[in-house]
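K.L.:
Structure below; questions to follow.
The values are calculated or read from the model by the stated rules, or taken from the named source; none is laboratory data. Just so it is clear, the model here is predicted, and its values are computed rather than measured. Please note: Cβ atoms are built from the backbone with ideal geometry, for glycine as well, and neighbour counts cover all protein chains shown.
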Amino acid sequence: MSDLPETSVKTAVTPPTHNAPPAKFSHGVRKGNILQVAGQVGNLPAQEGRPPTPAGPDLASQVRQTLANVQSVLAAGGASWEDVVMARVYLTDVAHFAEFNALYDAYFAELTQPPAARTTVYVGLPPGLLVEIDALAVLG
């Protein structure tokens, strides 16, 4: 028998805006006051019977949608961007760094304390996707 409180139960988080994951993983997992948001991409909100569709072919559209998708998982897990302590960003092209930074800075302009962040170039995203972001939130 475990002495851990019930709040330490690991719970999958999937907001209604998201399709069920295509494999055995979750869009987010909360355990106690920790919420890990899995890598989100710039797909539009889920529509019954339709495959995932990128928000647009350009970086700006995909970054805005990716941040909205992370926000949806945060909210479904009881968190907000104010709770995020780390964000990891994966771009498919090093040429996108400056544009991404401008979009990121604008998105978080009102945030009291922006999260620590790491941005890297990663070429393993599905065709047409330009950015992926994951986040770690600590609530309370």
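K.L.:
Go through (1) modelled with pLDDT of 95 or more; (2) under 15 Å from residue 135 (Cβ atoms) for residue 55 and report which single condition fails.
P.N.:
Here residue 55 meets the rest and fails (2).
K.L.:
Among (1) closer than 22 Å to residue 138 by Cβ; (2) without any contact (Cβ under 8 Å) to a residue 24 or more places away in the chain, where does residue 109 come up short?
P.N.:
Against the list (1) closer than 22 Å to residue 138 by Cβ; (2) without any contact (Cβ under 8 Å) to a residue 24 or more places away in the chain, residue 109 comes up short only on (1).
K.L.:
Can you list the strands (runs of 3 or more DSSP E) lying wholly within segment 50-140 that have 3 or more residues being closer than 18 Å to residue 21 by Cα? Talk me through it step by step, then tell me what you get.
P.N.:
Numbers: elements: 84-91, 116-121, 131-138.
In segment 50-140, 131-138 are the strands (runs of 3 or more DSSP E) which contain 3 or more residues that are closer than 18 Å to residue 21 by Cα.
K.L.:
To continue, here is another question. Can you work out which of the residues in segment 19-55 that are surrounded by fewer than 17 Cβ atoms within 10 Å (Cβ to Cβ) and either basic (Lys, Arg) or touching a Leu at 6+ places or on another chain (Cβ under 9 Å) (or both) is farthest from residue 140 (Cα to Cα)?
P.N.:
Result: 50.
K.L.:
Hey, another quick one. Conditions: (1) touching a residue at least 12 places away in the same chain (Cβ under 8 Å); (2) over 19 Å from residue 124 (Cα atoms); (3) of a type outside the set (D, E, K, R); (4) crowded, with 19+ Cβ neighbours inside 10 Å. Residue 85 meets all but one. Number of the miss?
P.N.:
Going through (1) touching a residue at least 12 places away in the same chain (Cβ under 8 Å); (2) over 19 Å from residue 124 (Cα atoms); (3) of a type outside the set (D, E, K, R); (4) crowded, with 19+ Cβ neighbours inside 10 Å one by one, residue 85 breaks only (4).
K.L.:
Related question: Out of the residues in segment 106-137 that are of a type in the set (D, E, K, R) and at pLDDT 95 or above, which is surrounded by the fewest Cβ atoms within 10 Å (Cβ to Cβ)? Outline the logic, then answer.
P.N.:
Initially, segment 106-137 is screened for residues of a type in the set (D, E, K, R), giving 110, 118, 132, 134.
Narrowing the set further to residues that are at pLDDT 95 or above leaves 132, 134.
Details: 132: 22, 134: 17.
By that ranking, first place goes to 134.
K.L.:
With respect to residue 78, determine if the residue is at positive phi, in contact with a strand residue (DSSP E or B) (Cβ under 9 Å, 6 or more places away or on another chain) and among the small types (Gly, Ala, Ser). It would help to see each step written out before you state the result.
P.N.:
Numbers: at positive phi: yes; in contact with a strand residue (DSSP E or B) (Cβ under 9 Å, 6 or more places away or on another chain): yes; among the small types (Gly, Ala, Ser): yes.
In short, yes.
K.L.:
With a cut-off of at least 2 residues that are at pLDDT 90 or above and of a type in the set (Lys, Arg), name the strands (runs of 3 or more DSSP E) lying wholly within segment 1-44.
P.N.:
Values: elements: 10-13, 28-31, 34-41.
Once the strands (runs of 3 or more DSSP E) in segment 1-44 are filtered for at least 2 residues that are at pLDDT 90 or above and of a type in the set (Lys, Arg), what remains is 28-31.
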